[in-house]
Amino acid sequence: MFGLGWPEVAIIAIVAIFIFGPKKIPELGSALGKTLRGFKEEVNKPEELGETNSDPEQ
């Protein structure tokens, strides 16, 4: 995970709780999940648009 161990992840989580507050963390997690899901859908979209052949010379 980007070279981060559990102690570093725990420190980042604690700092995030102090900055955003414990009530805001679930909202941020939900927004991040929706953003990542949308990004993955857009990355996989060329198949849906009919661009099945990536080599223009064929």
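Quick notes
- Straight-line reach from K24: taking Cα to Cα under 25 Å and skipping same-chain neighbours fewer than 8 places apart, the lysines in range are K34, K40.
- Working note: Karplus 6.51/-1.76/1.60 with θ = phi - 60° gives the stretch 17-29 the couplings 5, 5, 6, 9, x, x, 6, 8, 4, x, 5, 5, x Hz, where Gly and Pro are set to x.
- Extension gain for A10-K23 works out to 2.9 nm (0.36 nm per residue, less the C-alpha to C-alpha distance).
- Here F2 and E41 are evaluated by their C-beta separation; at R0 = 22 Å the FRET efficiency comes out at 0.40.
Only the coordinates and a few stated rules stand behind these numbers; no lab work does. Just so we're clear, the structure is a prediction, and the values are computed from it rather than from any experiment. When we count neighbours, we look across all protein chains shown, and the Cβ atoms used for this are built from the backbone with ideal geometry, even at glycine.
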